[in-house]
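Shown next, in structure tokens, is the structure this report addresses.
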Amino acid sequence: MQEKIIILDFGSQYTQLIARRIRELNTYCEIYPYNKFPADDPGIIGVVLSGSPYSVNDPQALQIDLSGIRRRWPLLGICYGAQYLAKTSGGTVESSDTREYGKAHLVWHDDADPLMKGVRDNSIVWMSHGDSITSTPEDFINVGSTADVRNAAFRISGEETWGVQFHPEVYHSEDGLKVLGNFVAGICGSKQDWTPASFIESTVAQLREKLGDDKVVLALSGGVDSTVAAVLLNRAIGSRLTCIFVDNGLLRYHEFEDVLADYEGMGLNVIGVDAKEHFYANLAGVTDPEKKRKVIGKGFIDIFDREAHKLKDIKWLAQGTIYPDVIESLSITGMVIKSHHNVGGLPEKMNLRLVEPLRLLFKDEVRRVGRELGISPKLIGRHPFPGPGLGVRILGEVTPEKVRILQEADHIYIQGLRDWNLYDKVWQAGTILTPIRSVGVMGDERTYENVVALRAVNSTDGMTATWTPLPHEFLAEVSNSIIRKVRGVNRVVYDISSKPPSTIEWE
Ligand code: XMP
């Protein structure tokens, strides 16, 4: 049975980070909405209460009855979670005059407390709250304070319940991982054996049991998620998995051929479908960005459905859905900034059962599993690429000629990043074909051609991003090379906008 920590989400921006940090401790955990605690799960070894955008004193503050959890499992309340524990036990939480935000120094009062073993006295912790616990019931033991906050860490005597006002999950909290490690290993007794290898072993076994002799179809995109999902399924059921890789005419330069060759090298059973003309025909005359996305998404579903129907006896559709998408759909606060569902509607249309072997993994975990499965570093390290591909990087109508121009320019840029050892230092890079034409001079001739923009950003999840200051010498070389070699381009600009307020893609 899978042992796990349950994190109850009260809507904090840091909830996913708590999960990632606990998993870094090789301990499996899952996030549940604050009011959906899975009490019947026999694998639970401990519970964490997250922070929240609310104050516990707000009338709309999120409430749950903790009586079924306290004393049954070890419990750690973080920030709002700690204040909620204090308030519901008869303590007082007040909005503090000296709001402590950012770094503070934590002084521990009890060296023998199991939560603070090995944590340095006076170490930096990250505070982010407007409230403070000002009085606590008698059975609360104060175990740590900062200059402004007396009850920065407490334990409730007679039970394995702790509260910390600071955020141990945030990287700025120097010994934060130690605190979390003390909780999950020392207090909850995690065996800390959840690793990429153990994930692969248990997932392959579960897939075998779930799928039996059934046949499965999966859409490959060339990206990390679908590739790792395919290799895992291939391990479990071998050639009963068929993959379909569609060339929508909006892939990068030579990508279809290169990626198809990689897949075949990995022993996957792949059908490559050249559907360029279908997509170009449907995109003719379409200029609105959202309409383009819809046309491309629908085109994909139609082609995939047509090809899958040529296969016999398929029972399952596999998808490379990952945990952030799952959490997003369970989200309690609805504070999602933007989401991209390229193939929404595919499962319904195809009337197949869904299998999603990566649905509980974060992106960096998918990469680690991919490496463990022996997938090439080049494939694992690929930059994210949007589902609608170059379709959202060609502003205005998409035509085969514009695709050619963009592919050639983008190829020079991406190859340049690789040659200059910059590719892995950038989170995502791409080239945009603008509808602007400008005057130039080549030889003795006046030219009147397109402007392309180069974009490179650094990010962790694409939700926010900063533009990357690439070296000027590099930009000069790439610009020069594009203008000399790509027919149809006579000017290159570099995008220096961050997200927000801009987005990564131009459309
Ligand atoms: P934005 O432009 O929203 O992009 O800042 C954030 C991340 O999402 C990718 N992106 C998409 N991915 N379908 C996708 O699968 C889409 O329609 C789509 N639009 C943007 C973008 O490349 C970046 O990584």
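The values are calculated or read from the model by the stated rules, or taken from the named source; none is laboratory data. The shown structure was predicted, so the numbers you read here are calculated from the model rather than taken from an experiment. Quick reminder, even Gly has a Cβ in these numbers, built from the backbone with ideal geometry, and neighbours come from all protein chains shown.
Is one or more of the residues making up region 410-427 within 16 Å of the ligand (Cβ to nearest atom), under 20 Å from the mean Cα position of the chain (by Cα) and buried (at least 19 other Cβ atoms within 10 Å of the Cβ)? Among the residues of region 410-427, not one is within 16 Å of the ligand (Cβ to nearest atom), under 20 Å from the mean Cα position of the chain (by Cα) and buried (at least 19 other Cβ atoms within 10 Å of the Cβ), which makes the answer no.
Against the conditions (1) assigned to a helix (DSSP H, G or I); (2) hydrophobic (A, V, I, L, M, F, W, C); (3) in contact with a Lys or Arg (Cβ under 9 Å, 6 or more places away or on another chain), residue 300 satisfies every one except (3). Here residue 443 fits the description: farther than 26 Å from residue 13 by Cα, at pLDDT below 95 and away from the ligand (no atom under 12 Å from the Cβ).
Across region 250-287, which residue is surrounded by the most Cβ atoms within 10 Å (Cβ to Cβ) among those that are among the polar types (S, T, N, Q) and assigned to a loop (DSSP other than H, G, I, E, B)? Of everything passing the filter in region 250-287, 269 is surrounded by the most Cβ atoms within 10 Å (Cβ to Cβ). A single entry from 438, 481 fulfils the requirement of being more than 16 Å from the ligand (Cβ to nearest atom), in contact with a Lys or Arg (Cβ under 9 Å, 6 or more places away or on another chain) and small (Gly, Ala, Ser): 438.
Residue by residue, here is whether (1) β-branched (Val, Ile, Thr); (2) assigned to a strand (DSSP E or B); (3) modelled with pLDDT under 95 holds:
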position	(1), (2), (3)
162	no, yes, no
173	no, no, yes
185	no, no, no
191	no, no, no
204	yes, no, no
217	yes, yes, no
238	no, no, no
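Could you please find all residues in region 361-403 being among the acidic types (Asp, Glu), modelled with pLDDT of 95 or more and either closer than 20 Å to residue 236 by Cβ or within 16 Å of the ligand (Cβ to nearest atom) (or both)? Give the steps one after another, and end with the answer.
At the first step, the residues of region 361-403 found to be among the acidic types (Asp, Glu) are 364-365, 372, 397, 401.
Cutting the leftovers down to modelled with pLDDT of 95 or more gives us 372, 397, 401.
Correct list: 372 only.
Residue check: is residue 488 on the phi > 0 side of the Ramachandran plot, away from the ligand (no atom under 16 Å from the Cβ), of a type outside the set (Val, Ile, Thr) and modelled with pLDDT under 95?
No; evaluated as a whole, the condition is false for this residue.
Evaluation of residue 473 against the conditions (1) within 16 Å of the ligand (Cβ to nearest atom); (2) under 20 Å from residue 415 (Cα atoms); (3) of a type in the set (D, E, K, R) shows that the sole unmet condition is (1).
Each residue in region 7-20 was checked for being crowded, with 21+ Cβ neighbours inside 10 Å and over 15 Å from residue 361 (Cβ atoms), and 7 of them qualify. What tally of residues in region 70-125 results from selecting those that are in a loop (DSSP other than H, G, I, E, B), in contact with an Asp or Glu (Cβ under 7 Å, 6 or more places away or on another chain) and among the hydroxyl-bearing types (Ser, Thr, Tyr)? Selection size over region 70-125: 2. In this structure, residue 431 does not satisfy being of a type in the set (S, T, N, Q), more than 16 Å from the ligand (Cβ to nearest atom) and more than 18 Å from the chain's Cα centre (by Cα).
Of the set (1) within 20 Å of residue 366 (Cα to Cα); (2) free of Cβ contacts under 8 Å to residues at least 60 places away in the same chain; (3) surrounded by fewer than 19 Cβ atoms within 10 Å (Cβ to Cβ), all apply to residue 235 but (2).
The residue that is nearest to the ligand (Cβ to nearest atom), counting only those in region 494-507 that are surrounded by 15 or more Cβ atoms within 10 Å (Cβ to Cβ) and among the hydrophobic types (A, V, I, L, M, F, W, C), is 504. Residue 211 meets all of the listed conditions (1) more than 24 Å from residue 12 (Cα to Cα); (2) surrounded by fewer than 23 Cβ atoms within 10 Å (Cβ to Cβ); (3) touching a Lys or Arg at 6+ places or on another chain (Cβ under 7 Å) but one, namely (3).
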